[in-house]
Structure formats: C-alpha cells, structure tokens
Amino acid sequence: MEEILRAPGLGGGGVPRYARTDLEIAGAHVRTGDLVLLDNGAANHDAAVFTDPDSFDIDRPAVPHLSFGHGAHYCIGAPLARIELQVVFSQLAARFPTLKLGCAPEELSFNAHVLTGGLTALPVTW
Ligand code: HEM
C-alpha cells in the first residue's frame, strides 16, 4: 500500500508555498514572496533514495515517501487514508478475482487539476 502511495506521483504541479525570505535552491534564486511549487511526486522518484524509482515494486523495502507531505502541514488524514487503502486493496482482488483494465493502458489520462492527482477515469471489467 505504501508503494501504491509512492509510485504514481502527484498532480496539480506541486504543493504551493510562498518564500518568507530570499533564498537559493540548487542554483535557482527565489525572492521573498515568490510562489514555490514543491513536487512531492518528483521527490518520491529520487533515484538517490529509491532504487529503480520508476518501477512499481510491491516488495520494495519501506522507505518514507512524501505523498502525505512533510512537517507542519503533514496530511492530517493520512491514518484514515491508509486504513481506507488497506481495506480496498485487501478486499478488491478477493471480491473481484477476474478484475482487469477495461481499456488499453495508453488510453488512461491523469487529472492535473487536483493536488493528489489520480486518473480522470479507470474503466474496468470483471
Ligand atoms: C491518499 C490520500 C491522500 C493524500 C495523497 C493526501 C495528501 C496530502 C498532502 C500532500 C498534504 C500536504 C499539503 C501541504 O503541505 O500543503 C495534505 C494535507 C492535508 N490533508 Fe491529505 N491526503 C490524503 C487524504 C486525506 C484525507 C482522507 C483527509 C481527511 C479526512 C485529508 C485531509 C488533509 C488536511 C486537512 C490537510 C491539511 C493539513 C495542514 O495543512 O495542516 N487528506 N494531504
């Protein structure tokens, strides 16, 4: 389930923050008041942290990901989301053993307008 949270990345362009001081990040100058979009999804694919980061590896050793953010604004709903995901993914295959994708994978599209991303639609058959 942690790999399901880590692997897809996030939509919406990133978590918004406004710089409180002038600063420099990896050679980029950021001025006080500038909008900075923090791409947690990109951090979740950092090859320095995750081996073969673009692979979905259900046996991946647990490494903390940033899908719920970090620090003062860490997602307050994370424990609930984890419970919901555990229930869904532990029951889905048992309830629908013949469940499969209802379209070609390349026909799927991602929702870029919400912070947590996700697919615009997920057609399935069983
Ligand atoms: C897989 C599901 C979810 C994901 C990926 C997710 C992701 C996130 C992220 C990345 C943030 C940090 C935003 C920031 O730093 O500005 C956040 C904050 C927040 N999330 Fe979630 N979330 C999920 C589910 C939920 C649920 C189920 C709830 C409520 C029942 C919830 C309520 C909140 C709230 C209230 C905040 C703001 C916390 C604050 O600013 O102090 N989230 N979420």
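The values are calculated or read from the model by the stated rules, or taken from the named source; none is laboratory data. Bear in mind that the values here come from a model prediction, so they are computed numbers and not experimental data. Because the Cβ atoms are built from the backbone with ideal geometry, glycine has one as well, and the counts that use them run over all protein chains shown. For accessibility, only protein heavy atoms count, side chains too; no ligands or nucleic acids. Shrake-Rupley method; radii C 1.70, N 1.55, O 1.52, S 1.80 Å.
Details
- Each other residue within a Cβ distance under 9 Å of PRO53 adds +1 if Lys or Arg and -1 if Asp or Glu, for a net charge of -2.
- What the chain shows is 73 Å² of accessible area per residue, with the surface traced by a 1.4 Å probe over protein heavy atoms.
- With the whole protein complex present, ASP22 retains an accessible surface near 110 Å², based on a 1.4 Å probe.
- The range 73-126 shape via C-alpha gyration tensor axes, a/c threshold 1.5: oblate
- Over the chain, DSSP H runs of length four or greater, each weighted -39,500 (n - 2.57), average out per residue to a 222 nm ellipticity of -6000 deg cm²/dmol.
- Tensor-based shape of the range 18-126 (alpha-carbon gyration tensor, a/c under 1.5 rounded, otherwise prolate or oblate): prolate
- Degrees, to the nearest 10: 78-95 long Cα axis against longest axis of the chain: 20 degrees
- Largest-first ordering by accessible area, 1.4 Å probe, given options PHE68, PHE89: PHE89, PHE68
- Nearest-10 value in Å² for the accessible area of HIS45, using the 1.4 Å probe: 50 Å²
- Selection of trypsin sites (Lys or Arg not before Pro), the range 1-43, meeting DSSP coil and at most 12 other Cβ within 10 Å: ARG20, ARG31
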